[in-house]
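Colleague: Below are the structure tokens for one structure; questions will follow.
The values are calculated or read from the model by the stated rules, or taken from the named source; none is laboratory data. Note that the coordinates shown come from a computational prediction; the quantities given were computed from them, not determined experimentally. Cβ placement follows ideal geometry from the backbone for every residue including glycine, while neighbour counts extend to all protein chains displayed. Surface accessibility is based on the protein's heavy atoms, side chains included, excluding ligands, DNA and RNA. Shrake-Rupley method; radii C 1.70, N 1.55, O 1.52, S 1.80 Å.
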Amino acid sequence: MTDKNYFAEVQGFLRLESEAIAQTAGRLQPDEIERVVQLLANCKGKIVILGVGKSGIIAQKIAATMTSTGTGALYLHPSDALHGGIGIINGDDAVMILSNSGETDEIIEMLPYLKRRQVPIIALVGNLNSTLARRADAVIDGSVDQEACPLNLAPTTSTTVALALGDALAMTLMQVKGLTTDDFAVNHPAGQLGKRLTLTVADLMHSGSDNPTVAMGAGWAEVVKGITAGGLGAVNVVDDAGRLAGIITDGDLRRAIQNHDAGSLTKLRCDELMTGNPTVASPDLLAYAALQLMEDRPSQISVLPVIDSHRVCVGLIRLHDIVRSGL
């Protein structure tokens with residue numbers, strides 16, 4: 001390494017690739033892109049995407065993006081296809097093949113077998129005069145004037161353009177199919193967005209025998225035992241029908257101790273300690289909405305009683321439970 005500043009080189013390569021994407025956008029043929037989108041959108045099966053080498057890596061990413069945005073897709077290596085993998089392709093599928101040269105041996109060799117299956121073939125190529133382009137049912141021009149490689153050899157600009165085209169197709173199909181935020185979340189249950197839109201209070205609350213409750217009229221000692229046994233920092237107060245009357249937290253107990261002497265403290269009943277008519281959650285409320293109920297207020301709270309439509313207390317959810325879930 002030398003003391004040379006490489007900032008200009010890095011910046012130049014980035015500009016070269018970004019300009020190539022812009023040039024590709026201007027080079028696309030409207031009729032051909034319309035045909036490609038229609039073939040993909042009307043596909044009753046899955047999109048099978050093929051590519052070799054760096055193009056294969058880009059094909060894998062495009063397949064993953066399509067699948068996560070509502071268009072079922074998978075990657076198939078052409079060599080594997082020639083040795084039995086082609087069996088994954090059915091007559092109601094569509095095939096998209098990535099190749100900069102359009103002359104890759106494994107791809108050209110498998111074209112006749114794809115034709116026999118009568119599946120539409122979409123070629124994303126860098127050479128519109130190639131064998132692949134001539135035999136495809138629809139062609140996307142992914143040609144570039146120059147690779148970002150100083151030797152103009154390593155696939156760089158060409159793979160960036162192919163990736164951008166794949167993203168553009170996936171996002172267009174997403175719009176065509178009317179994918180909603182909720183639909184997206186269903187495909188991303190482990191991500192933060194997915195959890196925010198799918199995880200409910202019922203998924204996280206403490207219910208059944210883990211729901212700490214005491215009956216109306218319970219004494220101070222029973223409240224302490226209930227909070228200690230539950231280990232959740234609070235206890236729900238319920239009436240004879242199990243309906244919520246209030247909640248008592250650790251903080252309520254501390255304040256009671258501060259405001260009463262030892263003699264009067266032992267005579268306290270839960271209805272004197274509890275917060276009546278507390279903020280509550282329903283089991284089907286989104287956990288993220290419950291989090292907002294706890295935090296978006298002048299004085300934050302850390303627990304919420306959970307009640308059903310008849311105000312029967314069915315659980316308790318803590319701020320800690322929601323945060324631990326990854327929201």
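Colleague: At a Förster distance of 25 Å, what's the computed FRET efficiency of VAL224 paired with ARG324, Cβ-Cβ distance as r, to 0.05?
Modeller: 0.45
Colleague: Could you derive backbone 3J(HN,Hα) for the stretch 88-95 from the dihedral phi with the Karplus parameters 6.51, -1.76 and 1.60 (θ = phi - 60°), listing whole Hz in sequence and x where the residue is Gly or Pro?
Modeller: Karplus values, whole Hz, x for Gly and Pro: 6, 8, 10, x, 9, 8, 10, 10.
Colleague: Compute the signed sum of charges (Lys and Arg +1, Asp and Glu -1) over the other residues within less than 14 Å, Cβ to Cβ, of VAL312.
Modeller: Summing Lys/Arg as +1 and Asp/Glu as -1 gives -1.
Colleague: Right, something else. In whole Hz, with x marking every Gly and Pro, tabulate ³J(HN,Hα) for the stretch 228-240 from phi via Karplus 6.51 cos²θ - 1.76 cosθ + 1.60, θ = phi - 60°.
Modeller: These are the phi-based 3J(HN,Hα) values: 5, 5, x, x, 10, x, 6, 9, 7, 9, 10, 8, 4 Hz.
Colleague: Still on this structure, I have one more. Quick one: length gained pulling GLN300 to VAL10 fully straight, 0.36 nm per residue minus the C-alpha distance?
Modeller: Result for the pair: 99.6 nm of gain on full extension.
Colleague: Amide H neighbours of VAL314 under 5 Å, counting only residues 5+ apart in sequence or on other chains, H built in-plane at 1.01 Å?
Modeller: The answer is VAL306, ILE307, ASP308.
Colleague: Tell me the carbon and sulfur percent of the accessible area for the stretch 220-327, rounded to whole percent, probe radius 1.4 Å.
Modeller: Carbon with sulfur: 50 percent of the solvent-accessible area.
Colleague: With the crude spin-label approximation of a point 7 Å out along Cα→Cβ, what separation in nm comes out for GLU32 versus LEU265?
Modeller: For GLU32 paired with LEU265, the spin-label model returns 8.3 nm.
Colleague: Can you work out the FRET efficiency for the pair HIS83 and THR180, with r the C-beta to C-beta distance and R0 = 41 Å, to the nearest 0.05?
Modeller: Once rounded, the FRET efficiency stands at 0.50.
Colleague: Using modelled backbone amide H atoms (1.01 Å from N, in-plane), which distant-in-sequence or interchain residues come within less than 5 Å of LEU285's amide H?
Modeller: Excluding prolines and chain starts, which carry no amide H, the hits are VAL201, ALA202.
Colleague: Quick one: what are the phi-derived ³J(HN,Hα) couplings along the stretch 210-216, Karplus 6.51/-1.76/1.60 with θ = phi - 60°, whole Hz, x for glycine and proline?
Modeller: For the stretch 210-216, the Karplus curve yields 8, 8, x, 9, 9, 7, 3 Hz.
Colleague: Helix-only estimate, please: 222 nm mean residue ellipticity of the chain, summing -39500 (n - 2.57) across DSSP H runs of length 4 or more and dividing by its residues, to the nearest 500.
Modeller: -13500 deg cm²/dmol
Colleague: A further question on this structure: Decide, for the stretch 1-86, between rounded, prolate and oblate: order the square roots of the alpha carbon gyration tensor eigenvalues as a ≥ b ≥ c, take rounded if a/c falls under 1.5, and otherwise choose prolate if a/b is larger than b/c, else oblate.
Modeller: Verdict is oblate for the stretch 1-86.
Colleague: Using the heavy atoms of the protein chains alone and a 1.4 angstrom probe, what is the accessible area of the chain per residue in square angstrom?
Modeller: Spelled out: the 1.4 Å probe surface of the chain, per residue, equals 52 Å².
Colleague: Here is a further query. Can you list the equivalent-ellipsoid semi-axes of the chain, largest first and in whole Å, using the square root of 5 times each Cα gyration tensor eigenvalue?
Modeller: Whole-Å semi-axes of the equivalent ellipsoid: 63, 24, 15.
Colleague: Any chance you could tell me what percent of the C-alpha pair distances in the stretch 45-133 go past 22 Å?
Modeller: 17 percent
Colleague: Translational D (Stokes-Einstein, µm²/s) of the stretch 276-323 at 20 °C and 1.002 mPa s when Rh comes from the Kirkwood sum over C-alpha pairs?
Modeller: Estimated diffusion coefficient is 198 µm²/s.
Colleague: Straight-line reach only, C-alpha to C-alpha below 12 angstrom: list the aspartates and glutamates that LYS225 could link to, leaving out same-chain residues fewer than 8 apart.
Modeller: Once the sequence-local aspartates and glutamates are set aside, what remains near LYS225 is ASP250.
Colleague: Another one. Sort out for me the Cα centre separation of the stretch 104-134 from the stretch 217-282, rounded to whole Å.
Modeller: So the two Cα centres are separated by 73 Å.
Colleague: Highest first, please rank the peptides 117-125, 148-156 by the mean number of other Cβ atoms sitting within 10 Å of their residues.
Modeller: Most protected by this proxy first, the peptides run 117-125, 148-156.
Colleague: Based solely on C-alpha atoms, express the radius of gyration and the Dmax of the stretch 227-327 in angstrom.
Modeller: Both quantities, over Cα of the stretch 227-327: 14.4, 45 Å.
Colleague: Taking N as the number of residues in the stretch 1-48, what is its Cα Rg relative to 2.2 N^0.38 Å?
Modeller: My calculation over the Cα atoms of the stretch 1-48 gives 1.99.
Colleague: So, one more: Taking amide H positions as placed in the peptide plane 1.01 Å from N, state which residues far from GLY51 in sequence (5 or more) or on other chains have amide H under 5 Å from it.
Modeller: LEU76, LEU98
Colleague: Taking the dipole about the Cα centre of the chain, with the C-beta of Lys and Arg at +1 and of Asp and Glu at -1, give me whichever of GLY166, VAL10, SER299 is farthest to the positive side.
Modeller: SER299
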